[in-house]
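Structure first, then comments.
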Amino acid sequence: MPEAWNVEHNRLHHYHLGEDLDPDLVERNLSFLRDMNILKILKYAVALALMPIWKWFYYAPNTFKELQITKWKQEGRELPVNFEAEEPVTLRMLFFPRNESDKATTEVVNPSQFMLQVMGPFLLTRFILLPAPLLLLPGGPMLFYHAIVNLILAEMLTNIHGFIT
């Protein structure tokens, strides 16, 4: 969402680069991977697996979290007791909460609201409406299918590029 990007990236990230208040602080946000008790090669494998999906898995929910925190504060609402505002939010936390902190996160970042306002419109417009006119052409269903596959692969490549950048 543009307004979520404005809060998370333009305000919080650029005004606090490399500081604890930076929501994109890589050292903190990837601490789970650094702290895993697994072989180093497996840590690299996890990082590689996250590269094509990081915007969906991490960035979209995290920017939405920052927008929700801002809205709660503007409304004068208290954030839940176990909510850890500095912790990054992932799809795993939203849909498979493991502890009280994760459950508190789902109060601030409602998974249904996230899907309806953030992921749903993106997925619908990018992967259904954009290639839909192909269905009107001869061989339309196959063209539509190939377009969706290409769009998904292109999205994953741009995610890899963004991750590396």
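The values are calculated or read from the model by the stated rules, or taken from the named source; none is laboratory data. As the structure is a computational prediction, the values presented were derived from the model and not from experiment. Neighbour counts are summed over all protein chains in view; Cβ atoms, including those assigned to glycine, are modelled from backbone coordinates with ideal geometry.
Okay, here's what the table says:
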{"item": "Answer from E87, E19, E27, E3 - the residue that is within 14 Å of V109 (Cα to Cα) and either of a type in the set (S, T, Y) or at pLDDT below 95 (or both)", "result": "E87"}
{"item": "T106, sole failed condition from (1) surrounded by fewer than 16 Cβ atoms within 10 Å (Cβ to Cβ); (2) modelled with pLDDT of 95 or more; (3) of a type in the set (S, T, N, Q)", "result": "(1)"}
{"item": "Check on F122, under 17 Å from K65 (Cβ atoms), surrounded by fewer than 12 Cβ atoms within 10 Å (Cβ to Cβ) and out of contact with any Pro (no Cβ under 9 Å at 6 or more places or on another chain)", "result": "no"}
{"item": "Residue among I148, I152, I128 that is within 16 Å of W54 (Cβ to Cβ) and β-branched (V, I, T)", "result": "I152"}
{"item": "Residue match in the stretch 41-63 (condition: over 26 Å from T158 (Cβ atoms) and in a loop (DSSP other than H, G, I, E, B))", "result": "no"}
{"item": "From the options R92, R126, R98, residue that is under 14 Å from the mean Cα position of the chain (by Cα) and without any contact (Cβ under 8 Å) to a residue 40 or more places away in the chain", "result": "R92"}
{"item": "Selection from the stretch 69-87 of residues that are of a type in the set (S, T, N, Q) and either surrounded by fewer than 17 Cβ atoms within 10 Å (Cβ to Cβ) or part of a loop (DSSP other than H, G, I, E, B) (or both)", "result": "Q74, N82"}
{"item": "Leading residue by the ranking (nearest to the chain's Cα centre (by Cα)) among those in the stretch 30-55 that are basic (K, R) and loosely packed, with under 10 Cβ neighbours inside 10 Å", "result": "R34"}
{"item": "Test result for D20, acidic (D, E), surrounded by fewer than 18 Cβ atoms within 10 Å (Cβ to Cβ) and over 30 Å from N150 (Cβ atoms)", "result": "yes"}
{"item": "Options E27, E3, E66, E8; residue that is in a helix (DSSP H, G or I), loosely packed, with under 11 Cβ neighbours inside 10 Å, under 20 Å from the mean Cα position of the chain (by Cα) and not hydroxyl-bearing (S, T, Y)", "result": "E27"}
{"item": "Filter result for the condition that a residue is of a type in the set (A, V, I, L, M, F, W, C), out of contact with any Leu (no Cβ under 7 Å at 6 or more places or on another chain) and under 18 Å from Y59 (Cα atoms), over L124, L135, L116", "result": "L116"}
{"item": "Helices (runs of 4 or more DSSP H) completely within the stretch 99-151 that count 3 or more residues being of a type in the set (S, T, N, Q)", "result": "100-108"}
{"item": "Hey, P131 surrounded by fewer than 15 Cβ atoms within 10 Å (Cβ to Cβ) and without any contact (Cβ under 8 Å) to a residue 24 or more places away in the chain or not", "result": "no"}
